[in-house]
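First the structure, in the form of structure tokens, and then the observations on it.
The values are calculated or read from the model by the stated rules, or taken from the named source; none is laboratory data. Just so it is clear, the structure is predicted and the values come from calculations on it, not from any experiment. No Cβ is skipped: glycine too gets one built from the backbone with ideal geometry, and neighbour counts run over all protein chains shown. The accessibility values were calculated without ligands, DNA or RNA, using every heavy atom of the protein model including side chains. Shrake-Rupley method; radii C 1.70, N 1.55, O 1.52, S 1.80 Å.
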Amino acid sequence: MMMKTLLNIPFHRPYVTDEDVANVVNALRSGWLTSGPKTLEFESKFREYIFGQGKGYAVAVNSATSALHLALKALGIKEGDEVLLPANTFVSTAEAVTYLGAVPVLCDIQEDTHNIDVSKIERLITSRTRALIPVHFGGQPCDMEEILDIARRHKLFVVEDAAHCLPSGYKGKRIGKIGDITCFSFYVTKTLCTGEGGMAVTDNEDYACSMRLNRLHGICTDSWGRGEVAKNWSYDVLERGFKYNMSDMNAALGVSQLKKLEWMHAQRERVSKKYDESFIGTKVLPVLIRADRQSSRHLYVIKVNNRDELIDRLKEKGIGTSVHFIPLHSFSYYKKAYRYTKKDFPVSERVFQKSLSLPIYPGLTDIEVEYTVENVLNYAK
Ligand SMILES: *Cc1c(COP(=O)(O)O)cnc(C)c1O
């Protein structure tokens, strides 16, 4: 099928319905605006979505970056500690580590899944290593069995960067129930969006208390049961905290989006299945999804030999693409601060040179997917 008309397909279109808009307007009219009943409701529904009737806590914040920071702080990560993470991630994974004065130690990735290469983790562990941050690339869970085993043997914490993972599963377990703390993102391009927002989940009450305290200036009021506060104008400050709380307007959008999460996921599966089928036996190599795990299908990443040229050609045809990710070791700041070089991460480097991400979101029509496939196959080398 040849399509002559030029379509306009942005890399991402957030899926926001009239119902979402009405819910945000209600939050505005309620007069709360900041963290209030909607934030509590979002936390409660998200908690239930991850843990069901089981024990668990969900702490809503203003971004996944904040969630990662609070998580590492709750685990006692401090100056001079080392935290391992993949070279192929968004900068905030490493940035959160540096907020605490700790050192982000980068690990290379697997060529097929683009996830952290578990066979290369142990040689990077030193007496100062305290935690691992697996990043579930594009929504596909990392090799968590191996990661938990390494963490147990070396007494390390596991904080999952699950910014892409709503909903993802590993060997029958929902992501959110595996590591010590798991951090989700509701940034506009993610699978559930609140504009800006994030959530940290854990089954450990102490970690949850620490994150709740620190997300709002370390302020303790009656409601969290720590410290004695007699009058409602009075409060105590127990720690030097941060300003990371979620607003009720964002939370209202979150509650509304959570209701259609399964449907939105089914739409992503529709798109990824069409891409998968179209690229079999071609020059285009998609990231491999292993059979024992479920991906949220947040990203659809392919590898070709003429990545830069293909991005330009697709742009001419009205198709937006993106690159996930420019590896951390190539950024000026990280090169200067930690003396990383390309030679240290050969797989991340190779994969980066060939990768691009195609549009994938609930509102993407079959015609748009076909148009994208046709142009990718026409111009890929
Ligand atoms: C988007 C993203 C983040 C940051 O999420 P924010 O909510 O924007 O802070 C962290 N890690 C990864 C892998 C991401 O893609």
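Considering region 186-196 alone, what residues qualify as being closer than 14 Å to N245 by Cα and either out of contact with any helix residue (DSSP H, G or I) (no Cβ under 8 Å at 6 or more places or on another chain) or within 7 Å of the ligand (Cβ to nearest atom) (or both)?
Of everything in region 186-196, those that are closer than 14 Å to N245 by Cα and either out of contact with any helix residue (DSSP H, G or I) (no Cβ under 8 Å at 6 or more places or on another chain) or within 7 Å of the ligand (Cβ to nearest atom) (or both) turn out to be F186, E196.
Given the structure, is H136 at positive phi, within 16 Å of the ligand (Cβ to nearest atom) and either under 18 Å from the mean Cα position of the chain (by Cα) or at pLDDT 95 or above (or both)?
no
If G138 passes every condition in (1) touching a His at 6+ places or on another chain (Cβ under 6 Å); (2) outside any helix (DSSP H, G or I) but one, which one does it miss?
Exception for G138: condition (2).
Per-residue answers, yes or no, for (1) closer than 28 Å to P286 by Cβ; (2) open to solvent by 10 Å² or more (accessible area, probe 1.4 Å); (3) modelled with pLDDT of 95 or more; (4) in a loop (DSSP other than H, G, I, E, B):
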| residue | (1), (2), (3), (4) |
| --- | --- |
| K45 | no, yes, yes, no |
| K55 | no, yes, yes, yes |
| V59 | no, no, yes, no |
| H69 | no, no, yes, no |
| T93 | yes, no, yes, no |
| V105 | no, yes, yes, no |
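Being away from the ligand (no atom under 12 Å from the Cβ) and touching a Gly at 6+ places or on another chain (Cβ under 8 Å) is the filter here; which residues of region 82-114 pass it?
G101, A102, V103
For E122, are the conditions met, namely being touching a residue at least 12 places away in the same chain (Cβ under 8 Å), within 16 Å of the ligand (Cβ to nearest atom) and open to solvent by 10 Å² or more (accessible area, probe 1.4 Å)?
Values: touching a residue at least 12 places away in the same chain (Cβ under 8 Å): yes; within 16 Å of the ligand (Cβ to nearest atom): no; open to solvent by 10 Å² or more (accessible area, probe 1.4 Å): yes.
So E122 does not fit the description; no.
How about region 264-292: which of its residues are touching a Lys or Arg at 6+ places or on another chain (Cβ under 7 Å) and closer than 17 Å to V351 by Cβ?
If the condition is that a residue be touching a Lys or Arg at 6+ places or on another chain (Cβ under 7 Å) and closer than 17 Å to V351 by Cβ, then K283, L285 are the ones that fit.
Every residue in region 170-184 that is open to solvent by 10 Å² or more (accessible area, probe 1.4 Å) and either touching a residue at least 60 places away in the same chain (Cβ under 8 Å) or within 11 Å of the ligand (Cβ to nearest atom) (or both), please. It would help to see each step written out before you state the result.
Of region 170-184, the ones open to solvent by 10 Å² or more (accessible area, probe 1.4 Å) are 170-174, 177-180.
Matches in region 170-184: Y170, K171, R174, K177, D180.
Give I367, I289, I311 a once-over and let me know the one that is part of a helix (DSSP H, G or I) and touching a Ser or Thr at 6+ places or on another chain (Cβ under 7 Å).
That would be I311, the only listed residue that is part of a helix (DSSP H, G or I) and touching a Ser or Thr at 6+ places or on another chain (Cβ under 7 Å).
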